[in-house]
Structure formats: structure tokens, C-alpha cells
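Report on the following structure.
The values are calculated or read from the model by the stated rules, or taken from the named source; none is laboratory data. Everything quoted here is computed from the prediction, not taken from an experiment. Here the Cβ positions follow ideal geometry from the backbone for every residue, glycine too, while neighbour counts run over all protein chains shown.
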């Protein structure tokens, strides 16, 4: 069993460490204008909002029962519920978010898709990933998502595919 060399941090120590790191990063920059400071405060508020939502979602997933990947109807229902929640909260859908919402890790879902690609569940998971890739691509094209980050996310999470031209 691996044991870390350091003692785990308390909740307060985590907060203090994060604030010190953040302040150090801010203090290293020269010429921070009042506008950038205000923008930083806006970003902090948005980050708190995102973290609150994600924490609540994680806590809910810990309390709920895992969906069986063999139960296609239950999986479809939870996928639709997840997409509705994304729509309601104006959140980009992701394979990571879906995995958490049904009680799995993204790695487990990727393994299922890899090992059982022709199963109905495998096809559903692949269709879901395509939907996520399409949402992020369309959002980037409309400048509703950062283009560079969208490319990175598409490659990292949704996989890159090699295309070949079909003969005429």
C-alpha cells in the first residue's frame, strides 16, 4: 500500500494553501489594472459558482444508485435527464459529467465502448460522445466557447478519428 510522505491537509490548510498560491500568481504579474482586478473578482465568483454546482453534482452521484450499463432503457432515461440538466443550467455536456451522473468513471465508460462497441450500450455511449463533440464544436464556431480549449477538449475527451476518403 502506498503511503504519502506528508500528512493530509485539513480543510482550512487546503483553503489557505490555495489562496497563497493564487495570491503569489497574482503578485508576480506587473501592472495589474483595476479592470483586471475586477475581472479577476468576476472570474472568482464564476469559479465559485462552477465549483458549487460540481460539488453538489458529485455529492448527489455519491448518494444515488449506479445505473446498470446492461439496462439500456435506464441508461437512455439518465442520458436524457443529464442533457436536460445541462440545458437547464447552461452547462456544456461531457462524457465526464454523464459518467458521474450514472455512477461510473469516464474510464469505465471508455473501456465499455472499446470492449463492446457493437452492443446497444456501446453505440449509445458513442452517440453521446458525438453529441458532446458537436455541442462544443458548434459553440466554438459561434464564439460561445474558447476555440483553442474546444479543440483540446475534443481531442482529449472525445477522441480523434482518422478519416480516409472513400473510393468513388
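I'm told residue 64 meets every condition in (1) in contact (Cβ under 8 Å) with a residue 40 or more places away in the chain; (2) over 15 Å from the mean Cα position of the chain (by Cα) except one. Can you identify the failing condition by its number?
(1)
Could you list all residues from segment 96-118 that are assigned to a helix (DSSP H, G or I) and closer than 14 Å to residue 70 by Cβ?
108, 109, 112, 115
If residue 31 satisfies all but one of (1) more than 30 Å from residue 120 (Cβ to Cβ); (2) at pLDDT 90 or above, what's the number of the condition it fails?
With respect to (1) more than 30 Å from residue 120 (Cβ to Cβ); (2) at pLDDT 90 or above, residue 31 is out only on (2).
Determine, yes or no, whether residue 20 is within 22 Å of the chain's Cα centre (by Cα) and either within 30 Å of residue 121 (Cβ to Cβ) or at pLDDT 70 or above (or both).
Spelling it out, it is not the case that residue 20 is within 22 Å of the chain's Cα centre (by Cα) and either within 30 Å of residue 121 (Cβ to Cβ) or at pLDDT 70 or above (or both).
Of all residues in segment 87-124, how many are surrounded by fewer than 18 Cβ atoms within 10 Å (Cβ to Cβ) and either closer than 22 Å to residue 152 by Cα or under 13 Å from the mean Cα position of the chain (by Cα) (or both)?
Within segment 87-124, residues that are surrounded by fewer than 18 Cβ atoms within 10 Å (Cβ to Cβ) and either closer than 22 Å to residue 152 by Cα or under 13 Å from the mean Cα position of the chain (by Cα) (or both) number 11.
State the number of residues belonging to segment 119-151 that are farther than 16 Å from residue 75 by Cβ and in a loop (DSSP other than H, G, I, E, B).
Of the residues in that region, 5 qualify.
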